[in-house]
Amino acid sequence: REKDDKYKTWMPKFLMAKEDKDKRKSSNDVERNNFKVKKSNPEKSKKMEKEEKFFRETFMYDKEINVINTATAECSVPSKRRVDLPVTAGEQLDVIDVTEGNAVICRNLEGRFGYVLVEHLNFR
């Protein structure tokens, strides 16, 4: 018995039996939640849905929207056409689809979709 008590004092917590761990916790202790969930803003989600609907109609895009890759804009580029996505330097973009030319279809953090030239993007 003395030998068992001796081992309990120096054993790391992860090697202790589960019953012993439960005894150490008091009823007043509250376990922390390490995963913080962002509460979505209903106005923002409506805007995202509206942008997606506009994107599907304009681009005639009927496939499922999957993020292929993420990229960062190297420089600020204004949009020349309605279908181009204006980007600012350092902006994070989700690459949705690759086109035949040198442009890709991207989505920004606001939920807007559009074409961005590959030469303006930095892929990680």
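The values are calculated or read from the model by the stated rules, or taken from the named source; none is laboratory data. Predicted model, so just to flag it, every value in this text is computed and none were measured. Positions of Cβ are backbone-derived with ideal geometry, glycine not excepted, and every protein chain shown enters the neighbour counts. Remember, those area values only see protein heavy atoms, side chains included, never the ligands or the DNA or RNA. Shrake-Rupley method; radii C 1.70, N 1.55, O 1.52, S 1.80 Å.
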- Task: For region 49-64, state whether one or more residues are surrounded by 14 or more Cβ atoms within 10 Å (Cβ to Cβ), under 21 Å from the mean Cα position of the chain (by Cα), at negative phi and hydroxyl-bearing (Ser, Thr, Tyr).
- Result: no
- Can you find even one residue in region 77-84 that is small (Gly, Ala, Ser), without any contact (Cβ under 8 Å) to a residue 24 or more places away in the chain and out of contact with any His (no Cβ under 9 Å at 6 or more places or on another chain)? no
- Task: Scan Glu19, Glu43, Glu64 and give me the residue that is at pLDDT 60 or above and either among the hydroxyl-bearing types (Ser, Thr, Tyr) or in a helix (DSSP H, G or I) (or both).
- Result: Glu43
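Among what's in region 77-96 and is under 18 Å from the mean Cα position of the chain (by Cα) and open to solvent by 30 Å² or more (accessible area, probe 1.4 Å), pick the residue that is farthest from Phe54 (Cα to Cα). It would help to see each step written out before you state the result.
Our first condition is that a residue be under 18 Å from the mean Cα position of the chain (by Cα); within region 77-96, this holds for 90-96.
Pick out the ones that are also open to solvent by 30 Å² or more (accessible area, probe 1.4 Å) and you get 90-92, 94.
On the way: Gly90: 25, Glu91: 22, Gln92: 21, Asp94: 17 Å.
Only one residue tops the list, namely Gly90.
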- Note on the structure: Counting only residues that are of a type in the set (D, E, K, R), under 16 Å from Leu121 (Cβ atoms) and in a loop (DSSP other than H, G, I, E, B), region 67-86 contains a total of 1
- Item | Within region 87-124, tally of residues that are outside any strand (DSSP E or B) and of a type in the set (Phe, Trp, Tyr) | 0
